[in-house]
1. Being assigned to a strand (DSSP E or B), within 27 Å of residue 104 (Cβ to Cβ) and in contact with a strand residue (DSSP E or B) (Cβ under 9 Å, 6 or more places away or on another chain), is that true of even one residue in the range 326-348?
2. Here are some residues: 262, 289. Which one is in contact with a helix residue (DSSP H, G or I) (Cβ under 6 Å, 6 or more places away or on another chain) and assigned by TED's automatic domain parsing to the domain that holds residue 339?
3. Of the residues 182, 178, only one is surrounded by fewer than 19 Cβ atoms within 10 Å (Cβ to Cβ), modelled with pLDDT of 95 or more and closer than 30 Å to residue 227 by Cβ; which?
4. Could you count how many residues in the range 275-297 are under 12 Å from residue 352 (Cα atoms) and crowded, with 24+ Cβ neighbours inside 10 Å?
5. When the residues of the range 258-286 are filtered to those that are part of a helix (DSSP H, G or I) and in contact with a strand residue (DSSP E or B) (Cβ under 7 Å, 6 or more places away or on another chain), which remaining residue is farthest from residue 298 (Cα to Cα)?
6. Does residue 81 meet the test of being modelled with pLDDT under 95 and either surrounded by 15 or more Cβ atoms within 10 Å (Cβ to Cβ) or over 30 Å from residue 260 (Cβ atoms) (or both)?
7. Need a quick list: helices (runs of 4 or more DSSP H) entirely within the range 369-458 having at least 3 residues that are closer than 19 Å to residue 358 by Cα and out of contact with any helix residue (DSSP H, G or I) (no Cβ under 6 Å at 6 or more places or on another chain).
8. Can you tell me which residue within the range 193-234, out of those that are without any contact (Cβ under 8 Å) to a residue 60 or more places away in the chain and in contact with a helix residue (DSSP H, G or I) (Cβ under 6 Å, 6 or more places away or on another chain), is nearest to residue 79 (Cα to Cα)?
């Protein structure tokens, strides 16, 4: 492959895409609006720590850099629920040591930038995309000095995030559909420092959640022994950021809602008033590809909320599937891009919906007795009938061969199944009893095996 590729956006997805294309022999240039984060100071407070799961790891393996990234990640084998009294309940994520990996967005991006340069990718920083010619795949960039760069390419990728300049240009074309939705909730980043001698002050190998129905706080571990906390909270209303404007109000709120976390957060007040209150946005659009030469990828195509931990994983999977499409099309870009769009657009729509649903589950349901009861039954079903029942979380997080849209379809069917099983009198009375198990066996034995449509080009 000798194609000239321009990638607008040097974030996580753009740099991984650059690595993958450079390894195929393409001449790749990445233009990033921000300064080089490896040398410039990037303020904290806007980056939610990332949870890398099987989909993201598989893409990194394809790129040959999984080991580079796992070296800066911490595996989390389950989640720890913290109630208002400080009591903790552990819920494993999967089976056989399955884990998701906590990784710093900033450190991951720095590593990917270095790897991209190592593979010959040219990266220009402080380059603002000021115009795009969709017919010629030419992007124009303005540097701080006022210098203008016109980057001509065979293929142009918009990997420039939820507020994509490339997508913005596409929105002015005929029959381009676009929707942008903000949640009523936003987020604020907080911090638990390491303890004595760099010790972790909470369980290291777990995602910590403080579910409080209309809001929640989560914590992910960092390599230095600290935890990055994120408070997801309404912008306005009776219980919201709007009413936490004084030191006294913040202290009272956190002491009431998160009493076990407060002693671990010596910089709580400073962090709360220094770090920004950030928004959460979802983006849908179509088409992702124009003129067989311009394409959207990652958040530029499908910005989602972070509650399934799949934003980065989905973007990385976009890159992997695109490489498969190129292989299938013998590097014919027109064919490959059309197949990429056909496969990934339904997947992007589905994970957007699933992520929003998971927000409700995380804040409202994870501490609910009926929810916990259902999860126990699901685990038993998965262990007993692995070909007939795979939990939705497992399909999304640990099943990289299952497209998100297939996971969503199967999950909806299994919701109906679970309501049926959980209404059986013997199951209601004691789901572990012999009579309950017999009744569930009857239902499951009559159920066909799961058939999953491929998310790869065939």
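The values are calculated or read from the model by the stated rules, or taken from the named source; none is laboratory data. Bear in mind the structure is a predicted one, so any value in this text is a computation, not a measurement. Here Cβ is always computed from backbone atoms with ideal geometry, including for glycine, and neighbour counts include all displayed protein chains.
1. There is no residue in the range 326-348 that is assigned to a strand (DSSP E or B), within 27 Å of residue 104 (Cβ to Cβ) and in contact with a strand residue (DSSP E or B) (Cβ under 9 Å, 6 or more places away or on another chain).
2. Details: 262 fails: assigned by TED's automatic domain parsing to the domain that holds residue 339.
The conditions single out 289.
3. Just one listed residue meets the conditions, 182.
4. Counting residues in the range 275-297 that are under 12 Å from residue 352 (Cα atoms) and crowded, with 24+ Cβ neighbours inside 10 Å gives 0.
5. Taking the candidates together, the pick is 264.
6. Details: modelled with pLDDT under 95: yes; either surrounded by 15 or more Cβ atoms within 10 Å (Cβ to Cβ) or over 30 Å from residue 260 (Cβ atoms) (or both): yes.
So residue 81 fits the description; yes.
7. The helices (runs of 4 or more DSSP H) meeting that bar are 369-384, 392-397, 404-421.
8. 225
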